[in-house]
């Protein structure tokens, strides 16, 4: 059985639920070249707009991995957990269906960036932050099991997907600044509003990755919310914003050390003078 593939969507919730793949696909039909049942032929990328868009995506993936402290820190955390991670192997720029922005493939251990939706740097950095949290959870072997293992309980696979989507929403999408801009939070009761933002974002991602009803998705979110919302690894705290992440990076490094991450490596890879956080350039293999 194929494992769940979490995906973040750029379309609204209604369109995602209509165009999502069947429950047995686990989101793979969103990515044509990953769908075993699809007769996929890679488009030519020698010249023209598609080639420019693909190369632009590759360049921005590399730039994000070198300049975004959130991404750099997550790569350090993944490697500190004993998992290998290089852009050339673990990140792929490719064409996607259904207006998705990206996804994580736990069978191939790859982050897929949808180059037909995002090729500008801010959008690609956002996709990488989201999907690298899924990659970290997969590496940590808490949210996902190995490709040959099956869920012991009927809802276990869906609950694991809901859990990692809750964490991605909490640690990335629902940062204070972003949540305010999207209208999820105001000046008061930020804690309660943050939880509302997390549940809403996680539900959209779960519905996009699986063809299930809204009540089923909401039930999965509620079953695991308290445990997964409280899980702040590898940061130890919820980042307020990317700006505060940059200015307070030492605090995250200290908290990360409690989880066993290398302080020296984290300082090197989050500093302005650090070298690239991964070798090579990403490929759409």
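Checking each residue in segment 139-164 for being surrounded by 19 or more Cβ atoms within 10 Å (Cβ to Cβ) and either touching a strand residue (DSSP E or B) at 6+ places or on another chain (Cβ under 9 Å) or modelled with pLDDT under 55 (or both) picks out 143, 144, 161, 164.
Within segment 114-138, the set of residues being outside any loop (DSSP other than H, G, I, E, B), touching a helix residue (DSSP H, G or I) at 6+ places or on another chain (Cβ under 7 Å) and modelled with pLDDT under 90 comprises 121 only. State whether one or more residues within segment 76-96 are assigned to a helix (DSSP H, G or I), modelled with pLDDT under 90, surrounded by 21 or more Cβ atoms within 10 Å (Cβ to Cβ) and more than 15 Å from the chain's Cα centre (by Cα). Yes, segment 76-96 contains a residue that is assigned to a helix (DSSP H, G or I), modelled with pLDDT under 90, surrounded by 21 or more Cβ atoms within 10 Å (Cβ to Cβ) and more than 15 Å from the chain's Cα centre (by Cα).
Residue by residue through segment 100-113, note down the ones that are touching a strand residue (DSSP E or B) at 6+ places or on another chain (Cβ under 7 Å) and either in a loop (DSSP other than H, G, I, E, B) or surrounded by fewer than 24 Cβ atoms within 10 Å (Cβ to Cβ) (or both).
Here is the first cut: in segment 100-113, the residues touching a strand residue (DSSP E or B) at 6+ places or on another chain (Cβ under 7 Å) are 100-105, 110-113.
Correct list: 101, 110.
Taking the criterion of being within 23 Å of residue 239 (Cβ to Cβ) and free of Cβ contacts under 8 Å to residues at least 12 places away in the same chain, the only residue of segment 51-78 that qualifies is 67. Tallying residues that are farther than 11 Å from residue 158 by Cα and modelled with pLDDT of 90 or more within segment 206-217 yields 3. None of 227, 167, 251 is under 13 Å from residue 73 (Cα atoms) and either in a helix (DSSP H, G or I) or at pLDDT 90 or above (or both) except 251.
The values are calculated or read from the model by the stated rules, or taken from the named source; none is laboratory data. Just so you know, these numbers come straight off a predicted model, no measurement behind them. When we count neighbours, we look across all protein chains shown, and the Cβ atoms used for this are built from the backbone with ideal geometry, even at glycine.
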